[in-house]
Amino acid sequence: MQIPTVTLNSGHRMPVAGYGTWPLQGRAATDAVLAALAAGYRLVDTAASYGNEDAVGAAVRESGLPRAELFVTTKLRGSDQGRGSTRAALEASLERLGLDYVDLYLIHWPLPAVGRYTDSYAEMADLHREGLIRTLGVSNFLPEHIAAVVAETGIVPAVDQLQVSPSHARAGLVAAVRGGGTVVQAWSPLERNTGVLGNAGIVAAADRLGVTPAQVVLRWLVQRGLTVVPHSSDPGRQRANADLFGFELTGEDMTAVDSVAQLPVKQDPATWEEF
Ligand SMILES: NC(=O)c1ccc[n+]([C@@H]2O[C@H](COP(=O)([O-])OP(=O)(O)OC[C@H]3O[C@@H](n4cnc5c(N)ncnc54)[C@H](OP(=O)(O)O)[C@@H]3O)[C@@H](O)[C@H]2O)c1
């Protein structure tokens, strides 16, 4: 399975669909990443706070795939934000991953009340110039947070990883972030299988197309111009979740997903704190 790529503002190419590794750890995480790589995923999404960078690194080594074919994303946790600590955090992540660079480094949450995200991003820009980070990105950043890091460094984040899914379509936020030249990558795109995959309109579209409801949801995100990082621990669901490029949703299918009742996000980036 060949997953298409999008060219980022760094000049590097990122797969449109990647494999999310939370909440797996240890050998289970390594085995799941190996299965995902065997299915055709090339982007692996981890984070310092997931406690599985070592397991992801083991899978990268055991896969035998050339490093250049892989796209590894990790994230700066809140407790490591700031000048000096950002460099140390990235170096520790690289050590756990067993890699000498990451393809994409994200600030996990802006934590505006802490007030260190612009300093963190400025230090990431240094690490980018040194070659330890191929592409700079952010996660859970609202447009005002992106504007602040651009004002500090002149570098537009290539990617903003945001919670986007049928019940949290966030059309205005997505349009604003994309309008500034940042690719949006949807986290929890399947809403952790808490109900939306049983939505009647989504199930009807899936039945007509001969795909799963999860594929309809992920394809809806891709057709809106987003990229996705679904997680599954099951090799069959992993494969289906990346098999999004051999079918297309009609306008009616898109409207059916657009019509899902909207819910507020529980983790509002303006106030959410995790370290
Ligand atoms: N930047 C951030 O702040 C942030 C926050 C949260 C997550 N993330 C990233 O985003 C990734 C994805 O988000 P997520 O893991 O929270 O949620 P998700 O991908 O929306 O959902 C994963 C859940 O859905 C189930 N599932 C997967 N495929 C399915 C299918 N085809 N049919 C039915 N159920 C299916 C999985 O169960 P099985 O394992 O049994 O298949 C798992 O319980 C994470 O792994 C992580 O890498 C980032």
Honestly the chain on the Cα gyration tensor test (a ≥ b ≥ c root eigenvalues; a/c under 1.5 rounded, otherwise a/b vs b/c for prolate or oblate) is just oblate
With Cα coordinates, the longest principal axis of the chain makes an angle with the long axis of helix 26-39, in degrees rounded to 10, of 60 degrees
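Step by step: find N for the range 1-153, compute 2.2 N^0.38 Å, then divide the Cα radius of gyration by it. What's the final number? Please report the intermediate quantities before stating the final value.
Values: Rg = 15.0 Å, N = 153, 2.2 N^0.38 = 14.9 Å.
Cα-based Rg divided by the globular estimate yields 1.01.
Rounded if a/c is under 1.5, else prolate if a/b is larger than b/c, else oblate: which is the range 73-144, with a ≥ b ≥ c the root eigenvalues of its Cα gyration tensor? Before the final figure, lay out the partial values.
On the way: a/c = 1.73, a/b = 1.59, b/c = 1.09.
Prolate shape, in that a/c is at least 1.5 and a/b is the bigger ratio.
Give the relative contact order (percent, whole number) for the chain; include only Cα pairs under 8 Å separated by 6+ residues. Display every interim value, and only then the final one.
On the way: 507 pairs, mean separation 53.5, N = 275.
Once normalised by length, the contact order is 19 percent.
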Taking only the Cα positions of the range 13-65, the convex hull volume per residue in Å³ is 75 Å³
Measure of exposure for HIS231: accessible area at 1.4 Å probe, Å² rounded to 10, is 60 Å²
By the C-alpha gyration tensor axes a ≥ b ≥ c (rounded if a/c is under 1.5, else prolate when a/b exceeds b/c, else oblate), the shape of the range 184-261 is rounded
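Give, in whole angstrom and from largest to smallest, the semi-axes √(5λ) of the equivalent ellipsoid of the range 127-275, with λ running over the eigenvalues of the Cα gyration tensor. Provide the component values of the computation, followed by the final result.
Details: eigenvalues 173, 57, 42 Å².
Equivalent-ellipsoid dimensions as semi-axes: 29, 17, 14 Å.
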Relative to the chain, whose Cα atoms define the longest principal axis, helix 85-97 and its Cα axis are tilted in degrees, nearest 10, by 60 degrees
The relative contact order of the range 112-261, taking Cα pairs under 8 Å that sit 6 or more residues apart, comes to a percentage of 18 percent
Taking Cα atoms, the helix 117-129 axis meets the longest principal axis of the chain at an angle in degrees (rounded to 10) of 80 degrees
For the range 232-275 the translational diffusion coefficient, Stokes-Einstein from a Kirkwood Rh over Cα pairs at 4 °C and viscosity 1.567 mPa s, in µm²/s, is roughly 91 µm²/s
With only helices counted (DSSP H, runs n ≥ 4, each -39500 (n - 2.57)), the per-residue ellipticity at 222 nm for the chain, to the nearest 500, works out to -12000 deg cm²/dmol
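Kirkwood Rh, the range 153-223, all Cα pairs: how many Å?
Numbers: mean 1/r = 0.0760 Å⁻¹.
Roughly 13.2 Å, rounded to one decimal.
Taking all protein chains together and a probe of 1.4 Å, list LYS266, LYS75 from the most accessible to the least accessible. The partial results should precede the final answer.
Details: LYS266 185, LYS75 0 Å².
If we order LYS266, LYS75 from most to least accessible, we get LYS266, LYS75.
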Rounded to the nearest 10 Å², the 1.4 Å probe accessible area of SER85 is 40 Å²
Reported to the nearest 10 Å², VAL257 has, with a 1.4 Å probe, an accessible area equal to 0 Å²
Given backbone amide H placed at 1.01 Å from N, residues whose amide H is under 5 Å from that of ILE107, ignoring those fewer than 5 places away on the same chain, are LEU76, GLY137, VAL138, SER139
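The values are calculated or read from the model by the stated rules, or taken from the named source; none is laboratory data. This structure is a prediction, so every number in the text was calculated from the model and none was measured. The accessibility values were calculated without ligands, DNA or RNA, using every heavy atom of the protein model including side chains. Shrake-Rupley method; radii C 1.70, N 1.55, O 1.52, S 1.80 Å.
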